[in-house]
Amino acid sequence: LIWVTSTSLSFVLSVLICIVPSASKAVWEKFTPQKKFDRQMYHYGNFSQDFLWGVSSSAYQIEGGWNAEGKGPSVWDTFTQTPGSGVPDNVTGDIACDSYNKLKEDLYMLQALKVKSYRFSLSWSRIFPNGRRESLNQKGVDYYNRLINGLLARKITPMVTIYHWDLPQALQDIGGWQNVQMIDIFNDYCDFCFATFGDRVKFWMTMNDPQGLAWLGYGTGQIPPNMEEPGTAPYEVAHNLIKAHATAYHTYDKTYRASQGGMVSIALNAEWVEPKDINVPRDLVAADRAMQFHLGWFAHPIFKNGDYPEALKAQVLVKSELQGLKTSRLPSFTEEEKNLIKGTADMFCVNHYTSRIVTHVTGAILPPSYQNDRDYTEEEMTDQPTTAIEFTRAVSFGMRRLLNWIKEEYGDPDIYITENSVSTPMEYAYDDIDRVFLYKTYIDEALKAYELDGVKVKGYATYLMDSFQFFHGYQLGFGLHYIDFNNIHRPRIPKFSAHLYYNIMKDNGFSLPDDEKMLYGEFKKDFIWSSATASYQVFICPAVCAVQTIFYLFIMIFFGVKNIKLT
């Protein structure tokens, strides 16, 4: 009886909000009918001259020096140093790429690559070992000052992520992001960063991929703090993360923007989805719902109206009622909070890796879960290239469609692609042909969005070097440079993909090759124009061929043919 009720209510729900929103409808109507040939058609062109080509990294994944010079432990230090954590080969980020001790090597690598920007994150516990201002570690601040100054000296724009999942362990001990106090604590940390580095840093992201943190950290427990409360904790954590971001944005806006002139945003992860059957209304609605549950969960409040997407609110409310709850498991924003959150981003920063196919299902009612609330299931696009990570195929055409969706859904913002790469096994350290294919196709799809669709794509960044991977340790590489993690010196070695990316940046896209260009001109004056025949072909039927010969002679005289070849 419960299942029947759930199905009925889910059907009623899909009817109520089932008119596919215009953004999704516009993108699917434009691109889904494309034939495979059209999808794969290569586009030659160039981005704007001020396009921000760059590379990216994050503190825990590259820095090492986990307890060097006063740094406090983060939740990732605690997690990976605990036996049986689940990280392959029980590796840690204690040394990682050793960037804390190899700053000169990193700066040389960036300079040699000739990037325009470098996106890196600050280690919260390196600056505030216990997460709070009173524990200030000046040596940690000095490290980031050297990095920022070194970038500017090489005319490289620093793009700074203030928080990339590595929460100080001391703050997790008081409940982490489930504790509402974190909003003010985070704001104080951001305020310090703005005041300390903002005279030189003009491109800020408050945090990276909050959706991944909320679900994987507090729903499935796959990453620190390893909580498994899938029905409530992800929503509570997301609520606090959004308000923390908005509070920090306003701190910059009120105190620092006038004097520093920078921009502030948040880096959101986004996968693209295609409805399994564009002619089935419920699949269309499910695909849009997938976009709202994943990207819209955070983007909708920040970029639209200060509140969660209607699809998200309605789904969680129905499931909560079926579970006998009096209120939705999804918290609500007050009108004051909506006004605080709305419009708290100066540009749209997006991380993108893959695309999938979505179809409608009726999810289970119990146990309560963000995953069950969604009422859709995902499939791989089996006609697209596989990667070293299961269920993460290289679907380059999804990049163009995602960028178009962001344009339609969020009012045509400036868009920076802040992460994009593909995993390859470490045994293919140098000859990373899969990554070469990805760069050529994914970047070309971004170029199509920019030149053909009018999307305001302003920058692109990929991984600088192989590093500690949150789910895969050191088994896979994402970077332009190979790091031998068995070598204590951690040498940085450019891969084939680094050379390709260098040339893409140098050309500012994909200029039309010479052999593809239209050629106009004239031959020399003494060039001999002529025609040819063969005896067997001409002298078959004398009557017919006589007429043909007269015709050919007339044509040759008319066109001024100077020479004739006979056999």
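The values are calculated or read from the model by the stated rules, or taken from the named source; none is laboratory data. What you see is a predicted model, and the numbers here were worked out from it, not measured in a lab. Cβ atoms come from the backbone with ideal geometry, glycine included; neighbour counts cover every protein chain shown. To get the accessible areas, we keep the full protein, side chains included, count just its heavy atoms, and leave off ligands, DNA and RNA. Shrake-Rupley method; radii C 1.70, N 1.55, O 1.52, S 1.80 Å.
Can you give the log10 of the normalised intensity I(q)/I(0) at q = 0.16, 0.29 Å⁻¹, computed with Debye over equal Cα scatterers of segment 208-248?
So the normalised log intensities are -0.34, -0.89.
Please compare each pair in 276/319; 116/458; 342/458; 440/506; 456/495 to a cut-off of 20 Å on the Cα-Cα distance and tell me which ones are over it.
276/319; 342/458; 456/495
Nearest 10 degrees, 0 to 90: what angle lies between the long axis of helix 103-113 and the longest principal axis of the chain (Cα atoms)?
20 degrees
Report, to the nearest 10°, how far helix 496-507 tilts away from the longest principal axis of the Cα atoms in the chain, using its own Cα long axis and a range of 0 to 90°.
For helix 496-507, the angle is close to 70 degrees.
Tell me the mean residue ellipticity at 222 nm calculated for the chain from its helices only (DSSP H runs of n ≥ 4, each -39500 (n - 2.57), averaged over every residue, nearest 500).
So the helix-based figure for the chain works out to -11500 deg cm²/dmol.
Once the dipole of segment 10-510 is set up with Lys and Arg at +1 and Asp and Glu at -1 on Cβ about the Cα centre, which of 92, 496, 317 lies farthest towards its positive end?
Going by the Cα projections, it comes out as 496.
Is the shape of segment 360-514 rounded, prolate or oblate, going by the alpha carbon gyration tensor and its root eigenvalues a ≥ b ≥ c, with a/c under 1.5 for rounded and a/b larger than b/c for prolate?
In terms of gyration-tensor shape, oblate.
Would you please classify the overall shape of segment 284-398 from the alpha carbon gyration tensor, given that a ≥ b ≥ c denote the square roots of the eigenvalues, rounded means a/c under 1.5, and beyond that prolate means a/b larger than b/c while oblate covers the rest?
oblate
What is the chain's relative contact order, in percent, from Cα pairs under 8 angstrom and six or more apart in sequence?
Once divided by the residue count of the chain, the mean separation gives 16 percent.
Please give the net charge around residue 337, taking every other residue with its beta carbon less than 12 angstrom from that of residue 337, where Lys and Arg add +1 and Asp and Glu add -1.
0
Of the accessible area of the chain, with the probe set at 1.4 angstrom, what percent is carbon plus sulfur?
Summing carbon and sulfur atoms, their accessible area is 56 percent of the total for the chain.
Measure nothing fancy, just the Cα-based angle from helix 433-451's long axis to the longest principal axis of the chain, in degrees from 0 to 90, nearest 10.
90 degrees
Based on the Cα coordinates of the chain, what is the per residue volume of their convex hull in Å³?
Convex hull of Cα atoms, per residue: 227 Å³.
Given R₀ = 56 Å, what would the calculated FRET efficiency be for residue 81 paired with residue 37, taking r from the Cβ atoms and rounding to 0.05?
The value I calculate is 0.60.
Quick check on segment 227-327: take the gyration tensor over C-alpha atoms, sort the square-rooted eigenvalues as a ≥ b ≥ c, and tell me if it's rounded (a/c under 1.5), prolate or oblate.
oblate
Between residue 202 and residue 508, how high is the FRET efficiency from 1/(1 + (r/R0)^6) when r is the Cβ-Cβ distance and R₀ = 25 Å? Nearest 0.05.
0.70
Between residue 111 and residue 484, how many nm apart are label points set 7 Å from Cα along the C-beta direction?
2.5 nm
What is the calculated FRET efficiency for residue 518 to residue 414, with r their C-beta to C-beta distance and R₀ = 25 Å, to the nearest 0.05?
It comes out at approximately 0.15.
Through the Karplus equation 6.51 cos²θ - 1.76 cosθ + 1.60, θ set to phi - 60°, convert the phi angles of segment 253-269 into ³J(HN,Hα) values in whole Hz; use x for Gly and Pro.
4, 7, 9, 10, 4, 4, 8, 9, x, x, 10, 10, 8, 9, 8, 10, 7
Once both labels are modelled 7 Å past Cα along the beta-carbon direction, what's the residue 338-residue 386 spacing in nm?
The modelled label-to-label distance comes out at 4.8 nm.
Tally Lys/Arg at +1 and Asp/Glu at -1 over every other residue whose Cβ is under 11 Å from the Cβ of residue 120; what's the total?
In short, -1.
On alpha carbon coordinates alone, what is the Rg over Rh value for segment 50-187, Rh being the Kirkwood radius?
So for segment 50-187, dividing Rg by the Kirkwood Rh gives 0.99.
Taking only protein heavy atoms and a 1.4 Å probe, what accessible area per residue, in Å², does segment 10-510 have with all protein chains in place?
Heavy-atom accessible area per residue stands at 37 Å².
Search the structure for amide H atoms under 5 Å from the amide H of residue 274, placed 1.01 Å from N in the peptide plane, and list their residues when 5 or more places away or on another chain.
Counting only residues 5 or more places away or on other chains, the set is 356, 357, 358.
When Lys and Arg each count +1 and Asp and Glu each count -1, what net charge do the other residues less than 12 Å away from residue 349, Cβ to Cβ, add up to?
Summing Lys/Arg as +1 and Asp/Glu as -1 gives -2.
Hey, quick one: spin label on residue 250, modelled 7 Å out along Cα-Cβ, who in segment 151-194 has an amide N within reach, i.e. under 13 Å?
Within reach of a label on residue 250: 184, 187.
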